[in-house]
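The values are calculated or read from the model by the stated rules, or taken from the named source; none is laboratory data. Since the structure is predicted, the reported quantities are computational estimates derived from the model, not experimental observations. Positions of Cβ are backbone-derived with ideal geometry, glycine not excepted, and every protein chain shown enters the neighbour counts.
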Amino acid sequence: MLVSTAFPSLSLIPDRAAVLTQLRGLLARQAGWREDVNATLPFGLAALDSHLPNGGLACGALHEIVPTTQAALPAAFGFVVAILARLSSSYGVGLADSERMDAHCLPHGFPNGPPYGTERRIVFVMPAHALRQCGRLSGHGLKSLGLNPRRAILIETAHWQDSLWALVEALRSQAPQAAAGMIDRIDLKTSQKLHLAAVDAGLPLLLLRPSQTLESSAAATRWRIDAAAGARDRFGSYARARWQVQLERCRNGRSGEWVVEYDHVAHRFSLVAALADLSLSRGAGDQSRRQANRS
């Protein structure tokens with residue numbers, strides 16, 4: 001198992017106990033940094049947040065992100081990074097006051113963000129097979145989506161059991177700001193264990209899962225993600241990442257479908273089209289036809 005806090009250098013760790021010791025030392029847990037399980041991570045996009053309970057992703061919960069096809073795996077991972085980048089920016093950087101995260105998502109005693117140098121990290125748990133499919137985390141790639149690479153702790157695992165263990169231990173430490181990872185297979189009982197660990201820690205856990213191995217799950221939400229044609233600047237380069245986003249399942253919420261883009265500078269999601277939600281589009285069309293018939 002490998003643990004890294006910088007790119008591209010990695011340090012070899014001989015056993016799980018040593019991994020946990022190093023991880024706790026890197027994260028340096030602060031007293032009073034336990035999260036409120038009722039806190040939420042809003043997207044800052046009313047059309048999407050209105051489908052979620054309490055107006056955002058639950059902090060203390062498991063959330064599944066599923067690529068529509070194997071080719072969409074990098075796009076799905078980019079969507080995960082964008083969510084984490086927005087969460088990372090909630091320390092008073094890049095967001096207007098009206099768009100700040102729920103106050104409970106921030107460490108107690110730091111309403112405007114923690115002092116410089118005490119920012120909490122994001123833990124990524126990546127198995128070896130995932131690295132073969134889409135490569136290692138790139139500091140440049142993280143930065144292009146608004147996430148400071150220095151805020152990331154990368155744990156590379158050889159087996160899916162190691163991935164589960166690393167995710168659970170990261171959550172139990174209550175030290176990171178969030179955890180994310182990829183697991184190719186997971187049963188209902190294991191998903192319940194991950195969800196309960198996230199609930200107990202009050203931390204969001206974003207789990208990337210291949211579509212061909214989906215089973216029953218205890219996740220609070222499940223998202224289907226595919227790439228959408230990106231916006232280009234005047235030089236022809238891609239300016240903003242875009243995704244086709246489907247909220248397939250949401251406990252105490254509503255499903256929906258949108259095409260969204262992410263501004264990595266402002267840390268802001270927006271709709272690509274005014275009626276990107278297909279259900280709203282169909283409803284608007286039906287209403288227009290009824291009004292035409294009455295006239």
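Of everything in the stretch 198-214 that's within 17 Å of the chain's Cα centre (by Cα) and among the aliphatic types (A, V, I, L, M), which residue is surrounded by the fewest Cβ atoms within 10 Å (Cβ to Cβ)?
If we take residues in the stretch 198-214 being within 17 Å of the chain's Cα centre (by Cα) and among the aliphatic types (A, V, I, L, M), then Val199 is surrounded by the fewest Cβ atoms within 10 Å (Cβ to Cβ).
Can you pull out every residue in the stretch 232-246 that is among the aromatic types (Phe, Trp, Tyr) and either part of a strand (DSSP E or B) or surrounded by 15 or more Cβ atoms within 10 Å (Cβ to Cβ) (or both)?
Step one: list which residues in the stretch 232-246 are among the aromatic types (Phe, Trp, Tyr), which gives 235, 238, 243.
Result: Tyr238, Trp243.
Just one of the numbered conditions (1) surrounded by fewer than 20 Cβ atoms within 10 Å (Cβ to Cβ); (2) of a type in the set (Ser, Thr, Tyr); (3) within 23 Å of Val81 (Cβ to Cβ); (4) at pLDDT below 90 is not true of Ser217; which one?
(1)
Which condition from (1) at pLDDT below 90; (2) polar (S, T, N, Q); (3) under 20 Å from Leu48 (Cα atoms); (4) in contact with a strand residue (DSSP E or B) (Cβ under 6 Å, 6 or more places away or on another chain) is the one that Ser211 breaks?
Among (1) at pLDDT below 90; (2) polar (S, T, N, Q); (3) under 20 Å from Leu48 (Cα atoms); (4) in contact with a strand residue (DSSP E or B) (Cβ under 6 Å, 6 or more places away or on another chain), the lone unmet condition for Ser211 is (3).
Looking at the stretch 212-227, which of its residues are closer than 17 Å to Ala241 by Cβ and acidic (Asp, Glu)? Break it down into steps so the answer makes sense when it comes.
Residues of the stretch 212-227 closer than 17 Å to Ala241 by Cβ: 223-227.
Residue satisfying the conditions is Asp226 alone.
Among Ala71, Ala39, Ala46, which is the only one that is under 22 Å from the mean Cα position of the chain (by Cα), at pLDDT 90 or above and among the hydrophobic types (A, V, I, L, M, F, W, C)? So that I can check it myself, show each step before the final result.
Details: Ala71 fails: at pLDDT 90 or above; Ala39 fails: at pLDDT 90 or above.
One residue alone meets the criteria, Ala46.
Can you tell me which residue in the stretch 154-197 is surrounded by the most Cβ atoms within 10 Å (Cβ to Cβ), limited to those that are among the hydrophobic types (A, V, I, L, M, F, W, C) and in contact with a Pro (Cβ under 7 Å, 6 or more places away or on another chain)? Lay out the reasoning, then the answer.
To start, the set of residues in the stretch 154-197 that are among the hydrophobic types (A, V, I, L, M, F, W, C) comprises 154-155, 158, 160, 164-168, 170-171, 175, 178-180, 182-183, 186, 188, 194, 196-197.
Applying the additional criterion that residues be in contact with a Pro (Cβ under 7 Å, 6 or more places away or on another chain) yields 160, 170, 178, 182.
On the way: Trp160: 16, Ala170: 30, Ala178: 25, Met182: 26.
Ranking the candidates gives Ala170 first.
In the stretch 105-160, how many residues are on the phi > 0 side of the Ramachandran plot and modelled with pLDDT of 80 or more? Break it down stepwise before answering.
Kept after step one, since they are on the phi > 0 side of the Ramachandran plot, are these residues of the stretch 105-160: 109, 113, 117, 135, 146.
With modelled with pLDDT of 80 or more added as a condition, the list becomes 146.
Residues in the stretch 105-160 being on the phi > 0 side of the Ramachandran plot and modelled with pLDDT of 80 or more: 1 in total.
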